[in-house]
Amino acid sequence: MRVKRTARLGASVAAFAMGVLCLAAPQAQATGSAATAAATVAPDCQGMCVLGVRAATHPEFDRFVIDLGEGAIPTWTTSVQTTPLTCCGDETNEHVVPIQGAQYLKIYLSPATRYDFANQTSVYTSPDFQTYGFPSLKGQGLTDIVDPEARAFHIGLALGDHSSYRIFKLTAPNRIVVDINH
């Protein structure tokens, strides 16, 4: 009999606690989403926003990911070259991107940019260039300047010897993925 009474008391306490939580939860959620909605304003990248890049190595390949904002995924083109990547501007003020590779994969996304034109700020959170110690992916570097007329994003990857790659899109969240085989 004592066990039944303790079980009923425990159930009553649990029900009371759940009732308090249910009453408090909607109010907290409403306050949280109102604050989030007020603080979050979608950037105006005049196309797709490029938020950043990341990379990792796997047993068979190295993966490079370009993280994108909401909306239609931009089209891309690629080209491979053996000369070092250069950046920014016309021939009189270009400089070599400080990453080393046996060959370089240039990726162009359009319409896409790393700049929020409405707020005059960058939405791109990754370094402009970075080196990696991976088997096939040796580094990445931006190869463009922000140009509202072009609405394009250019990035280059430094690759090791005899690297082949495949590029594809994924959604939820939006991203462009480049797998570089070892």
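The values are calculated or read from the model by the stated rules, or taken from the named source; none is laboratory data. These numbers were taken from a predicted model, which means no experiment stands behind them. Here the Cβ positions follow ideal geometry from the backbone for every residue, glycine too, while neighbour counts run over all protein chains shown. The accessibility values were calculated without ligands, DNA or RNA, using every heavy atom of the protein model including side chains. Shrake-Rupley method; radii C 1.70, N 1.55, O 1.52, S 1.80 Å.
List of remarks:
- Here the range 83-182 is assigned +1 on the Cβ of each Lys and Arg and -1 on the Cβ of each Asp and Glu. Its dipole about the Cα centre then comes out at about 480 debye.
- Counting Cα-Cα pairs of the range 66-110 in 10 Å increments starting at 0 gives whole-percent bin shares of 22, 41, 31, 6.
- Amide H within-cut-off set for CYS88, under 5 Å, with H built and near neighbours excluded: HIS95
- Over 17 Å [Cα-Cα, the range 123-182], rounded percent: 52 percent
- Within the accessible area of the range 36-120 (1.4 Å probe), percent carbon and sulfur: 53 percent
- For the range 60-140, the fraction of C-alpha pairs farther apart than 18 angstrom is 56 percent.
- Residue-wise HN-Hα coupling along the range 171-182, computed from phi with Karplus coefficients 6.51, -1.76, 1.60 (Hz; x: Gly, Pro): 10, 6, x, 5, 6, 10, 10, 10, 9, 10, 5, 7
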